[in-house]
Every structure is written in structure tokens, then in C-alpha cells.
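J.: A single structure is presented below for examination.
The values are calculated or read from the model by the stated rules, or taken from the named source; none is laboratory data. The shown structure was predicted, so the numbers you read here are calculated from the model rather than taken from an experiment. Cβ: placed from backbone, ideal geometry, glycine included. Neighbour counts: every protein chain shown.
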Amino acid sequence: MGRSSFQKKRSRLNKKFNKGNSIGNGKESRGTSYKDVVKENEKYWMYYRQQELIPPEEWEAFRSTIQTDLPVSFRIQGCHKDREQMMHEMEVRFFKPIAESGDSSVCEPQPLEWYSLYFCISNHCFKFYFRYSGAYQTPMTRNAVRSHPILAQLHNFLVTESELGNLSRQEAVSMIPPLLLAPTSDHIVLDMCAAPGSKTTQLLEMMHEASPTPGNYLHTYIYIYILNSC
């Protein structure tokens, strides 16, 4: 897929989201009609009690943690040619307006410092801090990001760029295994759970930094996805 085709796809996705986004035009957004999920299931709690894995004094903390919604986190692909420009665009178009909104119910996405710091320490070179920065997280849930007027455009941007392969909407915990494995170009990695492939893409970025489009990839669709990302 050439750059012109890539731009056409981005344009089509943007039109789709702009057409479907009713926030701010007096209509109810799709997200506002969702019912809150009731995070209670006695059989679920009974199962974990019977395992005797959680000490009694930690049970309430465990239960509260299980019932807490996951934050929204995402990572800009390390092999993206225009990643610095993309990061700047997010700061100007989305993060700054959120920070200046004065709305206490919204939270500006913050960089995951440990994601960048890992490369700074392991490579003993400060330039890696800038090269591999680009992972962000906000404590707000996906439903809140999708439905809040201030955050709706950020949500559309994340979905569009994810479809284009420019970023991964990836849990922060999912970013850790590739950092701990720290593969290089002479390693062979067998990923036993490459679905949807966020960690696989992260591993490939690390293994093929000089040549971000590796060969011998079995799944054609994911290979094309990686090719477009880089």
C-alpha cells in the first residue's frame, strides 16, 4: 500500500468517525447509551476463595482491584517514520486542550516513563530515551474516552491511527514482556499468542531497528500491517 493509498484510507476513516460522532450536535452519543457493567458474580468470588490464593487480610484489596476498570494506554509504533511529528500533533491537538479545559473529570494522557527509561538504562545512552518514548496512559476508561465531549476526537484519532498501523492500543502490562526479553536481530522468537499482535510488533521493532520490515513472516495480513506501519 503506497503513501497515497494510505492517505486515502485515513481520509475515509476520518469521514466515518466525523459522520458517526454526534457529540456536540445535540444528539446522544453512542457511548452514553451503554449500561454500566455490574462487576459482581458470587460464583466468581467463590472460585477464588476456594483456591486459597489470596490471604484473608488482602481479600478486599484483591476484590477492589478486580472491579477497577483498566486505564487507556497506547504506544506509537517505534518504526513509524513520522513518529516525532505524530507525538507533537497529539500534544497540540489533544493533550494540551484537555489539560487547559479545566474539567476535573478528564485526565490528560501521560507518558509511561518506565517504557522510555528502560532503554536509557539498558543501552547507557540518553538518546534512546527520546527514540523510544511514545507510550502513554490515562486513568480514564475506554467508555469515558469514547463518550466525553473533550475526549471524543482523541478517541477517533486513536482508532484511526490504530487502523492505519501507526499506533497500538495496548495495555501497559503488555508492553513489559518485550522489554524484559530485549531481543536482538540475531535472536529467534516464538510468540505463542500473537493475537492481535501488539507484543509481536513491539518485538519486531526491537529486533529489526535498522531494517524495520523483516522477511519470513508467516501471516500475510499482519506482514502488510507491519509494512504499512514502517
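J.: Give the range 71-97 a look and list any residue that's hydrophobic (A, V, I, L, M, F, W, C) and surrounded by 12 or more Cβ atoms within 10 Å (Cβ to Cβ), or say none.
T.: Val72, Phe74, Ile76, Cys79, Met86, Met87, Met90, Phe94, Phe95
J.: Specify the residue that is nearest to Gly78 (Cα to Cα); the eligible residues are those in the range 171-203 that are in contact (Cβ under 8 Å) with a residue 60 or more places away in the chain and surrounded by 15 or more Cβ atoms within 10 Å (Cβ to Cβ).
T.: Gln202
J.: Under 9 Å by Cβ, and 6 or more places apart or on different chains, what pairs join a residue from the range 36-58 that is under 17 Å from Thr68 (Cα atoms) and without any contact (Cβ under 8 Å) to a residue 40 or more places away in the chain with one that is part of a loop (DSSP other than H, G, I, E, B) and among the charged types (D, E, K, R)?
T.: Val37/Asp69; Lys39/Asp69
J.: Would you point out which residue out of Ser147, Ser229 is over 19 Å from Glu108 (Cα atoms), surrounded by 15 or more Cβ atoms within 10 Å (Cβ to Cβ), at pLDDT below 85 and more than 14 Å from the chain's Cα centre (by Cα)?
T.: Ser229
J.: May I pose another question? Please verify whether Ser73 is touching a strand residue (DSSP E or B) at 6+ places or on another chain (Cβ under 7 Å), modelled with pLDDT of 90 or more and of a type in the set (Ser, Thr, Tyr), treating the condition exactly as stated.
T.: For Ser73, the condition - touching a strand residue (DSSP E or B) at 6+ places or on another chain (Cβ under 7 Å), modelled with pLDDT of 90 or more and of a type in the set (Ser, Thr, Tyr) - is met.
J.: Let me ask another. Suppose we filter Ser133, Ser168 for residues that are among the polar types (S, T, N, Q), within 22 Å of Gln85 (Cβ to Cβ), crowded, with 18+ Cβ neighbours inside 10 Å and at pLDDT 85 or above; which single one remains?
T.: Numbers: Ser133 fails: at pLDDT 85 or above.
Ser168 is the lone residue from the list that is among the polar types (S, T, N, Q), within 22 Å of Gln85 (Cβ to Cβ), crowded, with 18+ Cβ neighbours inside 10 Å and at pLDDT 85 or above.
J.: Name the pairs: first residue in the range 62-90 and more than 22 Å from His208 (Cα to Cα), second residue hydroxyl-bearing (Ser, Thr, Tyr) and assigned to a helix (DSSP H, G or I), Cβ to Cβ under 9 Å, at least 6 apart or on different chains?
T.: Note: pairs meeting the criteria are Phe62/Tyr48; Arg63/Tyr48; Ile66/Tyr44; Ile66/Tyr48; Ser73/Ser174.
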